[in-house]
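Down below is the structure, laid out as structure tokens.
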Amino acid sequence: MRRIAVVGGSLAGVHAAEALRERGFEGDVTLISAENELPYDRPPLSKEALISGVAMERLGLRAPEWYADNAITTRIGSAAVGLDTARRAILLDDGTRAGYDGLVIATGSRPRRLPSTENAPPVQVLRSIEDSLRLRERLRPGRHLVLIGAGFIGLEIAATARHLGLDVTIIEVGQVPLGRALGDEVGSWFRTLHARNGVEIVCTCTVETIERQGEGAVLTLSNGRTVNADVVAAGVGASPVTEWLDGSGVQTANGVLCYSDLSTSVPGVVAAGDVARWYNPLFDEEIRVEHWTNAVEQGRRAAHTLLGEGEAFSAVPYFWTDQYDARMRFVGRATAASEVAVKEFDDERLVALYGRDGLVRGAVCVNAPRELARYRTAIRDQVRWDDVGEAPSRIGG
Ligand code: FAD
């Protein structure tokens, strides 16, 4: 293999490129990215960078000279629009083609957007540096921010906006925030956390219309209420970026379909990060994970597979979110859990376990780092639900 192309210049892509060099690959490595910046880190965009502004030198995943030092050619501001797997060529938006012998697909995900209507004001989303700067510009003290969606990104923006002195209302379709990701018990803890910090969360409610009103907007909710907003933002999930693969033979279905070693339906093509949907033998299911650690680990593993050193990727997913003084850490899988046990639940701390098929599958720990390490091991070692220590008080299942 002489030439490896990595499409997607972010977390998974950079770690794939780095792993190729670490494993002694001496051929050409080209990193192709649609964004105009060198690869940067996204988690600060909803947290400290939204408060203090974006300093690229602090957000950059690698120093600018790292790319030349490692003989990695960057094609920044260049989007792949098609893939010709028969001729092993990537079609780029400037009409040129980039050849490859091996290909890493690392195009990540993009925020879902609400359908726009004629008189609607802009609804901000948050994925890129540009989004973060645009939103920051509008988050002025005393303004009213209305957020649509109480998922992780929405809740982080809410906490940051409160820190900046805005009034915040969140409209959420579910019974509680984070209900779909973590269940109602854990979601209710986050609802209380935000209420304590002055955020109003309107649950079991959707936004029916958004209309421009002066510099701001007026939203009509499904419960009949109208809400005035100075700024409207949405965090309603993300979708994998795969349309450039249409017709290429690389199979996709809610992500790029991968085998357990992250290889795809086309030889010489692997995928990693938010875009990859793979069979995880530890959970015996196909999953797609939109979290930082997964993108790092998969980027590396996909590179190994391309070099013929592939093995099953069965890492325990890990995710963190920081809101106010709550440091939440999650390991494993919560979706499809048949049992939920809340072991600690007070203003300071939260510890809850998720189980399925008699095994511990996931754990959420807020301000409880020691428990997290213990449960991560239990999930990795497939410990039985009844053997995790003191008997949980079962409230689900
Ligand atoms: P992405 O980061 O999505 O990068 C994909 C790259 O590919 C992008 O640069 C994109 O422009 C480029 N691209 C897309 N299509 C093309 C194309 N056709 N041609 C060329 N390039 C293309 N995770 C956590 O675990 N904890 C957190 O606290 C946390 N906070 C977050 C906060 C925010 C605001 C966001 C947006 C994400 C957060 N995440 C967090 C998630 C984490 O950042 C992602 O899981 C991670 O960025 C995924 O990396 P990736 O490389 O797979 O994809």
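Data table
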item: Glu211 being surrounded by fewer than 22 Cβ atoms within 10 Å (Cβ to Cβ) and either over 30 Å from Ala12 (Cα atoms) or touching a helix residue (DSSP H, G or I) at 6+ places or on another chain (Cβ under 6 Å) (or both); result: yes
item: Among (1) in a strand (DSSP E or B); (2) over 23 Å from the mean Cα position of the chain (by Cα) - the single one Pro141 does not satisfy; result: (1)
item: Arg87 vs. criteria in a loop (DSSP other than H, G, I, E, B), surrounded by fewer than 20 Cβ atoms within 10 Å (Cβ to Cβ) and assigned by the TED database to the domain that holds Cys258; result: yes
item: Condition check for Asp41: open to solvent by 20 Å² or more (accessible area, probe 1.4 Å) and within 8 Å of the ligand (Cβ to nearest atom); result: yes
item: Positions within the range 306-341 being in a strand (DSSP E or B), hydrophobic (A, V, I, L, M, F, W, C) and either under 24 Å from Glu156 (Cα atoms) or near the ligand (Cβ under 9 Å from one of its atoms) (or both), in sequence order; result: Phe319, Trp320, Ala326, Met328, Phe330, Val331
item: Search result, residues across the range 9-27 that are crowded, with 16+ Cβ neighbours inside 10 Å and either in contact with an Asp or Glu (Cβ under 9 Å, 6 or more places away or on another chain) or under 21 Å from Thr321 (Cβ atoms) (or both); result: Gly9, Ser10, Leu11, Ala12, His15
item: Number of the condition not met by Leu31 [criteria: (1) surrounded by 24 or more Cβ atoms within 10 Å (Cβ to Cβ); (2) without any contact (Cβ under 8 Å) to a residue 60 or more places away in the chain; (3) under 18 Å from the mean Cα position of the chain (by Cα)]; result: (3)
item: Within the range 161-177, tally of residues that are in contact with a helix residue (DSSP H, G or I) (Cβ under 8 Å, 6 or more places away or on another chain) and open to solvent by less than 10 Å² (accessible area, probe 1.4 Å); result: 3
item: Close pairs from the range 234-263: first closer than 24 Å to Val125 by Cβ, partner modelled with pLDDT of 95 or more and of a type in the set (Phe, Trp, Tyr), Cβ under 8 Å, at least 6 apart; result: Gly235/Phe152
item: Which numbered condition Gly224 misses (of (1) without any contact (Cβ under 8 Å) to a residue 40 or more places away in the chain; (2) within 29 Å of Glu35 (Cα to Cα)); result: (2)
item: Selection from the range 201-217 of residues that are over 13 Å from Asn228 (Cβ atoms) and either assigned to a loop (DSSP other than H, G, I, E, B) or of a type in the set (D, E, K, R) (or both); result: Cys203, Thr204, Cys205, Thr206, Glu208
item: Test result for Asp381, modelled with pLDDT of 90 or more and not assigned by the TED database to the domain that holds Val199; result: yes
item: Selected residue (only one of Ala16, Ala49 is part of a helix (DSSP H, G or I), at pLDDT below 95 and either touching a Cys at 6+ places or on another chain (Cβ under 8 Å) or near the ligand (Cβ under 10 Å from one of its atoms) (or both)); result: Ala49
item: Residues satisfying the stated conditions in the range 269-305, i.e. in a helix (DSSP H, G or I), open to solvent by less than 50 Å² (accessible area, probe 1.4 Å), within 16 Å of the ligand (Cβ to nearest atom) and touching a Gly at 6+ places or on another chain (Cβ under 8 Å); result: Gly273, Asp274, Val275, Asn294, Ala295, Gln298, Gly299
item: Residue among Leu262, Leu257, Leu245 that alone is in contact with a Leu (Cβ under 8 Å, 6 or more places away or on another chain), buried (at least 16 other Cβ atoms within 10 Å of the Cβ) and closer than 29 Å to Arg88 by Cβ; result: Leu245
item: Restricting the range 90-126 to residues that are exposed (fewer than 14 other Cβ atoms within 10 Å of the Cβ) and within 12 Å of the ligand (Cβ to nearest atom), the residue that is farthest from the chain's Cα centre (by Cα); result: Asp94
item: Residue selected from the range 316-365 under the condition aromatic (Phe, Trp, Tyr) and under 18 Å from the mean Cα position of the chain (by Cα), by the criterion surrounded by the most Cβ atoms within 10 Å (Cβ to Cβ); result: Phe330
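The values are calculated or read from the model by the stated rules, or taken from the named source; none is laboratory data. Everything quoted here is computed from the prediction, not taken from an experiment. Glycine gets a Cβ as well: all are built from the backbone with ideal geometry, and neighbour counts include every protein chain shown. The protein model used for the area step is the full one, side chains on, heavy atoms only, and it has no ligands, DNA or RNA in it. Shrake-Rupley method; radii C 1.70, N 1.55, O 1.52, S 1.80 Å.
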